[in-house]
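J.: Could you have a look at this structure, given as structure tokens, before my questions?
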Amino acid sequence: MYHEKDVGPYFVMTCIMKGLKGDYYDITFNKNWLKTSKRMSVSAHAHHHLEAMITEYEKEKRRAPIVVVLGHHPAFYLSSCCLTPLGNNDYLTASSFLDEPIRLTASHTWGKDFLVPAEAEVIVEAEVLPGVREKQNPFGEIAGYYQPEMLVSVAEVTAITMKKNPVIQGIFPGRAEHWNLGGIPKEGSVYGQVKRNIAGVKAIHIPHSGCGRFSCYISLQKEFENEPRKAAMAAFTEMPNLKMAVVVDDDIDVYNEREVLWAVATRTHWDKDLEVIRKIQNFRPWLGDAVTMIDATRPRGVNFPERNAIPADALIQAEKKWKF
């Protein structure tokens, strides 16, 4: 239990499924309400790979094998939140995050037909029941609000395997560790997407103030006046939950939110540098469907003042004099 009004205890870690018609494994960060000792919810939503894969099994009236991994290397969990396409073999992606091959072993329930991470602390094996939907929530989720009651898939537990002295891991939802887990890998995904079209991109940050999901800061060395808008649109294309993209010059440290907001306050011309685009978002209806992009870069062709700076040698002397 994490929050006062949570409906019950949840696993808040990673689920793994195997494609029915493709020999690939999908790793998705997920939550599971423990309804009984042998029954749990599977939070597969319309935007999730899990929902698409469960639907594939349901069309053939088959139970869908699924495992919950409760404890592994932090890099394994970071890989579960990067933006890979459906059909990608996520075990290979996890290996790239770990910087070594991920060790796999046969599952207890399905044997070599479903391989599971050998280094996991605890693995819960289960089968998603075709055509069954049951209620779950309220649950305190990543945005800092209680997720409302909804219908989701249900799985029956078939086996639990573990190390001799396992340490069950969980992420505290809607707090810093949750935002880090979701935001850090997505920064790399968005950087790659923007870099394909804009060579001058310098850094991407998805800050805690946007819950590691809803806002993105992009710094770039602007060559053309339309590049901030192109960069923002690329970010929205890559991140389905993104609500706000702020683009700044490369002299701004996007990891320092004070600098970003300073640029927004002093470099933005609100009559032309703020754009609202409607009917983009669709994941959380209460957030609305509109997104916004803010161009906080210095305008070209305008006699824009130079940013003031303290002499470097004066800073060095001050550091030497007052260093304790």
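J.: Please count how many residues of region 96-142 are of a type in the set (Gly, Ala, Ser), closer than 21 Å to residue 8 by Cβ and in contact with a His (Cβ under 9 Å, 6 or more places away or on another chain).
T.: The number of residues fulfilling the criteria is 1.
J.: On the given criteria, is residue 174 on the phi < 0 side of the Ramachandran plot, small (Gly, Ala, Ser) and under 24 Å from the mean Cα position of the chain (by Cα)?
T.: no
J.: Against the definition (modelled with pLDDT under 95, among the hydrophobic types (A, V, I, L, M, F, W, C) and assigned to a helix (DSSP H, G or I)), how does residue 315 come out, yes or no?
T.: Yes.
J.: So which of 20, 78 is in the same structural domain as residue 102 (by TED's automatic domain parsing), touching a helix residue (DSSP H, G or I) at 6+ places or on another chain (Cβ under 9 Å) and farther than 21 Å from residue 171 by Cβ?
T.: 20 is the lone residue from the list that is in the same structural domain as residue 102 (by TED's automatic domain parsing), touching a helix residue (DSSP H, G or I) at 6+ places or on another chain (Cβ under 9 Å) and farther than 21 Å from residue 171 by Cβ.
J.: Show the residue pairs meeting these rules: Cβ distance below 6 Å; 6+ apart or different chains; first residue within region 302-313 and within 12 Å of residue 267 (Cα to Cα); second residue of a type outside the set (Gly, Ala, Ser) and in a loop (DSSP other than H, G, I, E, B).
T.: Taking only residues 6 or more apart or on different chains, the pairs are 304/298.
J.: Check whether at least one residue in region 60-72 is in contact with a His (Cβ under 9 Å, 6 or more places away or on another chain), buried (at least 21 other Cβ atoms within 10 Å of the Cβ) and more than 25 Å from residue 6 (Cβ to Cβ), and report yes or no.
T.: no
J.: Go over the candidates 219, 209 one by one and state the one that is of a type outside the set (Asp, Glu), in contact with a strand residue (DSSP E or B) (Cβ under 7 Å, 6 or more places away or on another chain), over 28 Å from residue 68 (Cβ atoms) and surrounded by fewer than 19 Cβ atoms within 10 Å (Cβ to Cβ).
T.: 209
J.: Restricting to region 282-323, count the residues that are surrounded by 10 or more Cβ atoms within 10 Å (Cβ to Cβ) and at positive phi.
T.: 1
J.: So which residues in region 243-285 are in a loop (DSSP other than H, G, I, E, B), over 23 Å from the mean Cα position of the chain (by Cα) and among the polar types (S, T, N, Q), if there are any at all?
T.: 268
J.: Out of everything in region 193-204 that is free of Cβ contacts under 8 Å to residues at least 40 places away in the same chain and in contact with a helix residue (DSSP H, G or I) (Cβ under 8 Å, 6 or more places away or on another chain), what residue ends up being surrounded by the most Cβ atoms within 10 Å (Cβ to Cβ)?
T.: Per the stated criteria, the residue is 201.
J.: Of the conditions (1) touching an Asp or Glu at 6+ places or on another chain (Cβ under 8 Å); (2) part of a helix (DSSP H, G or I), residue 204 fails just one. Which one is it?
T.: So residue 204 meets the others, but not (2).
J.: In addition: Which one of these is in a helix (DSSP H, G or I) and touching a residue at least 60 places away in the same chain (Cβ under 8 Å): 173, 130, 166, 185?
T.: 185
The values are calculated or read from the model by the stated rules, or taken from the named source; none is laboratory data. Every value quoted in this text rests on a predicted model; they were computed, and no experiment measured them. Cβ: placed from backbone, ideal geometry, glycine included. Neighbour counts: every protein chain shown.
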